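Where a number appears in this text, it was derived from the coordinates with a stated rule and is not lab data. Computed from a predicted structure; not experimentally measured. When we count neighbours, we look across all protein chains shown, and the Cβ atoms used for this are built from the backbone with ideal geometry, even at glycine.
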Protein chains: 2
Amino acid sequence: MGLDRLERPERPERLAQRTLGPAPTLADVAERAGVSRQTVSNAVNNPDLLRPDTLLRVQEAIDELGYVPNRAARNLRTRASHLVGLRLSPVLEGNATAVMDRFVHSLVWTSREAGYHVLLFSGEGPAALDGYEDLLRSTAVDAFVVTDTYLGNPQATWLRERRAPFVAFGRPWDDPEARHPWVDIDGSAGTELATRHLLDKGHTRIAWIGWRKDSRIGEDRRSGWSRALHERGLSTTGLASRVEDTVGSGREASAVLLDEARPSAFVCASDTLAMGVLHTLAERGLRPGVDVAVTGFDDSQVAQLVHPGLTSVRQPLEDVAIAVVRSLEDLLATPSHIGEGLLLSPSLTVRGSTG
Amino acid sequence: MGLDRLERPERPERLAQRTLGPAPTLADVAERAGVSRQTVSNAVNNPDLLRPDTLLRVQEAIDELGYVPNRAARNLRTRASHLVGLRLSPVLEGNATAVMDRFVHSLVWTSREAGYHVLLFSGEGPAALDGYEDLLRSTAVDAFVVTDTYLGNPQATWLRERRAPFVAFGRPWDDPEARHPWVDIDGSAGTELATRHLLDKGHTRIAWIGWRKDSRIGEDRRSGWSRALHERGLSTTGLASRVEDTVGSGREASAVLLDEARPSAFVCASDTLAMGVLHTLAERGLRPGVDVAVTGFDDSQVAQLVHPGLTSVRQPLEDVAIAVVRSLEDLLATPSHIGEGLLLSPSLTVRGSTG
DNA sequence: GAGCCCGATTGGATCGTTCAATTGAGAACG
DNA sequence: CGTTCTCAATTGAACGATCCAATCGGGCTC
């Protein structure tokens, strides 16, 4: 395989033809190979239907002419585009953008192997639904990947009602009865990992800084922290703070907690909040990882670049993409397919902020 | 306009029809409106060809049926897909990924207004060219946006030879004769801004930490620093260091420079390197922005989140996207269009690291 | 050697749209 | 009153692939 790739200087015949004239069609290939159109089509789509010698002859003709099937024609006939739509939200708060982007990268790579490309589109609010609508009805995409499934977001329900094939990255928090396929990451398990890591390091007073109570994801992540503490018979009272997802909020919350509860470690719902803790430590001359330990969530670029390094929960987005694409394939293969959910476990990237 | 949008509860008739049966075609609309197919087509694409009353009648039928033109059929006939291809490189070094992602977001939003969608694909090395090839010849995309135009990258030349319509984000460094449209950001102007900002703050010994000499972009950015210093009659000797784009390199380089040249400020070719400088300062108990000033490049998330905030050169990626899309439109409107280059100026985001 | 069967191959129809050429009605003109 | 001109609207033919039903050919059996 590898050797083969190196030896061939990039399919010279095809390249030679490529600069000239209009693109060759199936009929051109058929004529050149002395067979019918259908035979060429089979050579491309069902090679095992042809006799080996015919197949060889056709493939030579294909290579010589540099034939590539016209997508528009194929899409028209088969009513499929081999594209999956993904909506980019305009502005996401915090490092949700960064997480999203990592996911997009993974998705693009994974889709390629499944023969799909990713179509990005935009739109927000009610207009977003119009975007889905038009792409769907114009047969521009075969399916969607939906990413923001936060509470009260209408798009999942909306898509389901229209029988639009889609896979969600994110649990249907508001509807446990939902029967669409989804893939999500177990945030609770992630913070539990982080908390246990701190417990193993000898910390006993471990504080939580998370998001406000109406965030399902935030409460989920918080539950991992409290579970880990309770498991070891430790109390959580007075050690939790719930704020906005900004550096400033993290800074203030950690300052208050340090004064009132004297924790030796912080588990945070996001890298952003963890950065806020680092600010406070810097202001007070406390050394992260030595005097006070801190963990974040998302393993964003900041976590890698900041001074002693920020220990952070890493989401397995590559695996999410793989699972999403697999679901997508099932869904498109059998339209009546009943979707199922899949929960993946994150891992912990340990850096200087926990010693 | 706005009122109209609010009053209509999301085109109720269309919604009512949408869940049922197969998508309506042009012929269905024609029958319902009592006109021919072509008339409906004109109503959609050239409304001014119709008599006002006919137009109204057709549009009613369109709304009632919830008709949306089939893209595949349209693409087949017009030989255009209204998609622009963008390749996502697998791994970019440093925060190039983050910059790229900001650009992708901007591009998606800008394209939408021009009636285009963005098709993401992947591939690296020689396989990347195959990706371009197949998308182009299969008429999957109308044009490409090319982002990595670093020295020696074959794709620009390759695309030009095949007369593939494309616009580059990035100058053709290796070929000043190149006649394809491109948009780039004046990195030199960016570092000049940063350096002047430091000069205005009273600094006179300003060091440079950049990339190795074979990086054109790196040398370009460096030139802004040296120009600004020379303008004020200041020397640059002994104040420059050229290293890899990693935090560790930045840390080491700044340590050496502090010992040997005693600068009071650092201008860096990237936020990553600037973070390295912050590490060194932290280790030596020097306060960024107070004892030593630092500037980065890219205005990445790190720059916002890190302790006193990192002053950084911000690339106007939204403007780049707008210019790229405009070029794309010119290119596709007049295929013989001679491409021209456009150089945009970055701005400086001032934060705590410069006082 | 006739009959049969199975797999490879063929021609025609079709997907839904737009392009090119044409028709028809009505106005303007001599 | 007939001719020309204009404009709106229509008809038939593409675009390039795949699906369908029918046909062809070779090998096998009896």
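Summary of the geometry: the stretch B:84-153 and the stretch A:48-110, compared by the centres of their Cα atoms, lie 14 Å apart.
Reported to two decimal places, what Rg/Rh ratio describes the stretch A:183-306 when computed on Cα atoms with Rh from the Kirkwood expression? Rg/Rh: 0.93.
Of interest is the spacing of the C-alpha centroids, which for the stretch B:22-36 and the stretch B:284-307 amounts to 63 Å. Count Lys and Arg as plus one, Asp and Glu as minus one, and take only other residues whose Cβ is under 12 Å from that of A:Ser345; the net charge is then -3. Restriction of the trypsin sites (Lys or Arg not before Pro) in the stretch B:20-120 to DSSP coil positions whose beta-carbon has at most 15 other beta-carbons within 10 angstrom yields B:Arg79.
Taking A:Leu55, A:Leu344, A:Leu278 in turn, the Gaussian network model of chain A (Cα-Cα springs below 10 Å) assigns the largest fluctuation to A:Leu55.
Placing +1 on the Cβ of every Lys and Arg and -1 on the Cβ of every Asp and Glu, with nothing else charged, gives chain A a dipole about its Cα centre of roughly 180 debye.
What is the Cα centroid distance between the stretch A:186-219 and the stretch A:310-355, reported in whole angstrom? For the stretch A:186-219 versus the stretch A:310-355, the Cα centre distance is 20 Å. Here the stretch A:82-153 is assigned +1 on the Cβ of each Lys and Arg and -1 on the Cβ of each Asp and Glu. Its dipole about the Cα centre then comes out at about 200 debye. Neighbour counts of other Cβ atoms within 10 Å put B:Ser336, A:Ser36, B:Ser226 in the fewest-to-most order B:Ser336, A:Ser36, B:Ser226. Where only DSSP H runs of four or more residues are counted, chain B gives -14500 deg cm²/dmol as its mean residue ellipticity at 222 nm, each run worth -39500 (n - 2.57).
Relative to the first principal axis of the alpha-carbon coordinates of chain A, what is the inclination of helix A:96-113, with its axis defined by its Cα atoms, in degrees from 0 to 90 and to the nearest 10? In chain A, helix A:96-113 runs at an angle near 30 degrees to the longest axis.
Averaging 1/r across all pairs of distinct Cα atoms in the stretch B:234-355 and inverting the result yields a Kirkwood radius of 16.0 Å. A Förster distance of 51 Å, applied to the separation of the beta-carbon atoms of A:Ile338 and A:Glu60, puts the FRET efficiency at 0.65. As a ratio to 2.2 N^0.38 Å, the alpha-carbon radius of gyration for the stretch B:77-233 is 1.24.
Rounded to the nearest 20 debye, the dipole magnitude of the stretch A:116-240 is 600 debye, with +1 charges on Lys and Arg beta carbons, -1 on Asp and Glu beta carbons, and the Cα centre as origin. The share of alpha-carbon pairs in the protein assembly as shown lying farther apart than 51 Å comes to 20%.
Across peptide A:133-139, the mean count of Cβ atoms from other chains lying within 10 Å of each residue's own Cβ comes to 6. Each other copy holds its own label point for B:Glu124; taking that point as 7 Å from Cα along Cα to Cβ, the gaps run 3.3 nm, nearest first. Sorted from longest to shortest, the spans of the Cα atoms of chain B along the three principal axes equal 86, 49, 34 Å. Inter-copy label distances at B:Thr157, using a point 7 Å along Cα-to-Cβ, come to 5.8 nm with the shortest given first. Projecting the Cα positions of B:Trp208, B:Ala30, B:Ala253 onto the charge dipole of chain B (unit charges on Cβ atoms of Lys, Arg, Asp and Glu, taken about the Cα centre) puts B:Ala30 furthest along the positive direction.
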